[in-house]
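Everything below concerns the one structure shown next.
Read-outs throughout are calculated quantities, based only on the coordinates presented, and are distinct from any laboratory measurement. Just so you know, these numbers come straight off a predicted model, no measurement behind them. Positions of Cβ are backbone-derived with ideal geometry, glycine not excepted, and every protein chain shown enters the neighbour counts.
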Amino acid sequence: MAMNYSDKVIDHSLNPRNVGEIEDASGCGTVGNAVCGDIMRVYLDIDENQVIRDAKFKTFGCGAAIATSSMATMLVKGKNIQDALAVTNKAVAEALDGLPPVKMHCSLLAEEAIYAALWDYAEKNGIAIEGLEPPV
Ligand code: FES
Ligand code: FES
């Protein structure tokens with residue numbers, strides 16, 4: 001099946017930004033897609049003002065999953081939690097100039113991984129954050 005990937009998707013899959021781990025991360029979230037088997041883990045370093053100082057990821061998955069992890073971590077860096085929660089999978093896909101329809105779920109994985117890491121942070125610190133509920 002032929003797929004049209006944008007130049008940005010190709011760039012971020014071949015040269016992903018923010019690959020790695022954060023030791024003693026403020027929050028860490030791991031999600032997977034049972035159908036394709038791809039797994040994504042996001043680490044967040046959050047400062048005392050609830051601003052995301054750093055974001056890193058490790059993704060075992062397809063090129064689109066790597067590209068969306070790369071873009072999602074870029075987009076949330078420097079944002080506060082509320083603004084990071086507003087980084088939807090659509091926003092990630094748009095920032096990459098689009099994804100083929102069958103690859104949209106890869107961007108959802110990125111949104112879910114960020115969410116899971118934010119939840120982990122909130123839970124660890126016992127703080128309630130508007131719009132943040134236990135992931136299902
Ligand atoms: Fe083919 Fe992820 S499903 S690489
Ligand atoms: Fe499933 Fe990309 S194919 S995350």
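The residue among Val87, Ser26, Pro100 whose Cα reaches farthest toward the positive pole of the charge dipole of the chain, with charges on the beta-carbon of Lys, Arg, Asp and Glu, is Pro100. Of all DSSP beta bridges confined to the chain, the antiparallel ones make up roughly 95%.
Taking the chain as a Gaussian network of alpha-carbon nodes connected by springs under 10 Å, the highest mean-square fluctuation of the residues Asn18, Asn80, Asn49 belongs to Asn49.
Given R0 = 25 Å, the distance between the Cβ atoms of Glu133 and Ala91 translates into a calculated FRET efficiency of 0.80.
What does the extension gain come out to for Asp24 and Asn80, with contour length at 0.36 nm per residue minus their alpha carbon separation?
18.2 nm
Ignoring the sites themselves, the chain has its longest run without GluC sites (Glu not before Pro) in a DSSP loop having at most 16 other Cβ atoms within 10 Å at 49-129.
Taking Cα centre as origin and charging only the Cβ of basic (Lys, Arg, +1) and acidic (Asp, Glu, -1) residues, the dipole magnitude of the chain rounds to 380 debye.
If R₀ is 22 angstrom, what is the calculated FRET efficiency for the pair Phe60 and Arg17, using the beta carbon separation as r and rounding to 0.05? Here the calculated transfer efficiency is 0.80.
From its DSSP helices (H runs of at least four residues, each -39,500 (n - 2.57)), the chain gives a residue-normalised ellipticity at 222 nm of -12500 deg cm²/dmol. Peptide packing: for 52-64, 31-43, the average count of neighbouring Cβ atoms within 10 Å per residue gives the ranking 52-64, 31-43, highest mean first.
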